[in-house]
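Notes to accompany the following structure.
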Amino acid sequence: MNLLGLFPFLRRRVAVLAAALGMAVAAFAQTPVTLNFVDADIEVVAKAVGELTGKTFILDPKVKGKINIQSARGVSPGLAYPTFLSALRMAGFAAVEGAGGIVRVVPEIDAKTLPTPFGNNGGIGAITTKVIPLAHQNAASVINAVRPLVAASSGLTVYPPGNAIIITDYGDNIRRIEAVIARLDTPSAAAPELITLVNAHALDVAATLNRAFADGGNQGADARDRLVITADPRSNSVIVRSEDAGRLARVKALIQDLDRPTAAPGNIRIVYLKHADAAQVAMTLRRVLGAEGGNNSSSGGSAPSNSLSSLLPSGGGQTSNSNTSPLAAATAALTGSAPPSQSGSLPQTNSNSAVAFSAGGATVYADSTINALVISAPTGVYNNLRSVIEQLDVRRAQVYVEALIAEVQADRAAEFGIQWQALDALGNGGTQGIGGTNFTSNVGTNILGVAANPTGASRGLNVGLVRGALTYGGKTILNLGLLARAMQNDTSANILSMPTLLALDNEEARFSGGQNVPFLTGQYATTGGNTTNAPFQTIERRDVGLTLRVKPLITEGGAIRLQLYQEVSSVVESAAVAQGLASLNKRVLETSVLADDGQIIVLGGLLQEGFTNDQDKVPVLGDAPVIGNLFRYDTRKRTKTNLMIFLRPTVLRNATQAGALSNERYRTLGMDQESVNPEARFALPPMTNPALPLNTPALPPPATTPAAAAPARP
């Protein structure tokens, strides 16, 4: 038999057998199976489904329980696996599919921590993870709408940088969530619309609409009811935005009605200012329009004075009737400005008497009583002026200045000496010899002064040798033959001053604390006979203590430029104070510095140290090695002064920052007051300590918007 002819025959037989086997397997795969499991263990059902589908099930040790699957008629083997997954889902378990047909069955709460399939690769009842990006809406807002559609055991998070939602859930539920998000992720219908005005001004129309639709500006209202109206002065347009198309149409119609030529003759309008001063704004507009070459009004205004000279003290070296320093007066005379106001007077604002001008077809009058501008001008000119006024009428920032002055003084002094006297021969007649040593001019430390008044001896150790008393020249003194004196003194002082000021941007502020001390400047008396006629004295009072003047200027970069004058003075304690001949310790710092917000800078300081060594002795005897101490008087003194000045400016740009700072200082002072409450005593009646009302509740903020809360002007 030819073997070569046998191979084609065998090939055809094998193909026929393979086709028959494939048809048999396909017929078996399409053969319906009946699934009837009543109170069956999960392990048993998983084994049966694995034999039908060829999948390998790995059950977590926590997966325990029974499931029920009943089918009235047979189902295809391909539906056995989804049916089993649905039964597991009802029992609180989930299946996580892996590579190679391996399925892990775990509790639902643990399924999101396992490496689940990504995208739509998971089965209908299997756990899957998917990232759903949003194109139009905010993911943080959309997630609140879809969160109730997801079980608590599932994972649902927001990725803000990509504006996406990450969800881990069953595949069929993810597809439902995707459909819901696709409906929500649509372009917003509240696109801003720009409405250009022809006759009216955008700022006036926007303010009127905000008062008319006050409820629409409430940020706590529903998004569909929210209405945003703002003005663009540059293009004289109103920008309107709303989710409600009908509400938007009503606003647009109202804007068209408001944008009509005014029916009032003269075209006079009143502009109420919120932050700026009406007189200052009028002066600025006067210079902008070039009225009278930019000079001041006919009411008489002052030219800008030297800013640094205005910080100089007003009372140093002058009488009480004139508080203007010579340099400030000279500067005022050169610049033509008025000198700074006297001490104790309030800052004066510009008077509005005749602050009016006409230029460029417009007439502007400033009424400082109600802080408003009265403008008579054509519509075009008024719109230009209104835009400038709106940019000038802004809330100015404030600067909270904290100054710290630390002064530490240390004085050490030591004295030791022995003085001798031999006065026994004063009471005898004839020629006698007397003598002695005395080294100091102070009566309390000199041996002669102590002999005349023993109770007037100065502080320290004073040891003497007395032999009775002597009468000389009608005066009785002690016969003090020896006076040994030793004294050591250590004096230290730590003075800390912390003045604070709250100043408006580019406005000068002043703080002064101390005493008004009288100084004797002259006296006169005519003496005739035994009487003195018409005596009198002239006295000058000066402020002694701490003076701080500062003028802050906030730059565009956020730094603070400070023009500063600081003075620290004190009266030198001495016996001459009672006679009006006192002297002053005075330290003055005048500078301009640049600091950042909240930065602590050092302005200057004083480091002073001195040493004094005085020695009085008897020639030759005072230089002897040991015995010389009996004929010598030594005095040594060391003084050391350390003075430093620091400064920290803090910018307060809004009411919240200013309120937080004030509340902190208010509460700190209240706690200090509570700490000094007197203790109860049996013999004393109870007394209340005055204190700040710390428990006073704060006023709630207004419920309306700022535009709606503003009172309607007449």
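By how many nm would the segment from Thr34 to Leu149 lengthen if fully extended, with 0.36 nm per residue of separation less the alpha-carbon distance?
The span from Thr34 to Leu149 would gain 38.1 nm if fully extended.
Report Asp634's accessible area, 1.4 Å probe, all protein chains in place, as a number in Å² to the nearest 10.
We get 40 Å² for Asp634.
In Å³ and rounded to a whole number, note down the convex hull volume per residue for the Cα atoms of region 581-694.
348
Contour minus end-to-end for Thr369 and Arg665, with contour as 0.36 nm per residue of separation and end-to-end as the Cα-Cα distance?
103.2 nm
Report the calculated FRET efficiency for Val466 and Asn629 (r = Cβ-Cβ distance, R0 = 22 Å), to the nearest 0.05.
0.50
Could you tell me which GluC sites (Glu not before Pro) in region 639-680 are loop residues by DSSP with no more than 14 other beta carbons within 10 angstrom of their beta carbon?
When the GluC sites (Glu not before Pro) of region 639-680 are filtered for loop state and at most 14 Cβ neighbours within 10 Å, Glu679 remain.
Mind putting a number on the dipole of region 144-194 about its Cα centre? Charges go on the C-beta only, +1 for Lys and Arg and -1 for Asp and Glu, and I need it in Debye to the nearest 20.
120
Determine which residues of region 382-416 fall in the zone a paramagnetic label at Thr555 would reach in this model, i.e. backbone nitrogen under 20 Å from the point 7 Å along Cα→Cβ.
Hits in region 382-416 for Thr555 at 20 Å: 397-402.
Nearest 0.05, what FRET efficiency do Ala655 and Glu540 give at R0 = 51 Å with Cβ-Cβ as r?
In this case the efficiency is close to 0.70.
Please compute the net charge surrounding Gly481, taking Lys and Arg as +1 and Asp and Glu as -1 over other residues with Cβ under 15 Å from its Cβ.
Once positives and negatives cancel, what remains is +1.
Taking R0 as 41 Å, what's the FRET efficiency between Thr521 and Ile600 from their Cβ-Cβ distance, rounded to 0.05?
0.45
Once Lys and Arg get +1 and Asp and Glu get -1 on their Cβ, which of Val602, Ser662, Val620 lies farthest toward the positive end of the dipole of region 595-672?
Most positive-ward Cα: Ser662.
Starting from the amide H of Ile58, placed 1.01 Å from N in the peptide plane, find each other amide H under 5 Å away whose residue is 5 or more places distant or on another chain.
Sorted by chain and number, the residues that satisfy this are Val103, Arg104, Val105.
Rounded to whole Hz and in sequence order, give me ³J(HN,Hα) for region 37-43 from the Karplus expression 6.51 cos²θ - 1.76 cosθ + 1.60, θ = phi - 60°, writing x for Gly and Pro.
10, 10, 6, 8, 5, 5, 4
What share of Cα pairs, in percent, lie more than 16 angstrom apart in region 585-625?
When all Cα pairs of region 585-625 are counted, 68 percent exceed 16 Å.
For a quick check of understanding: with a 1.4 angstrom probe and all protein chains in place, what accessible area in square angstrom does Phe631 have, to the nearest ten?
Looks like 40 Å² after rounding.
So how much slack lies between Thr113 and Ala249, counting 0.36 nm per residue of separation and subtracting their Cα-Cα distance, in nm?
Gain on stretching Thr113 to Ala249: 43.8 nm.
Can you check what the net charge comes to around Glu567, using other residues whose Cβ is under 14 Å from the Cβ of Glu567 (Lys, Arg +1; Asp, Glu -1)?
Summing Lys/Arg as +1 and Asp/Glu as -1 gives +2.
The values are calculated or read from the model by the stated rules, or taken from the named source; none is laboratory data. Because the structure is predicted, anything quoted here is derived from the model rather than measured. Using ideal geometry, Cβ is built from the backbone for each residue, glycine included, and neighbour counts are taken over all protein chains shown. When the accessible area is computed, the model is the full protein with side chains, heavy atoms only, and any ligands, DNA or RNA have been set aside. Shrake-Rupley method; radii C 1.70, N 1.55, O 1.52, S 1.80 Å.
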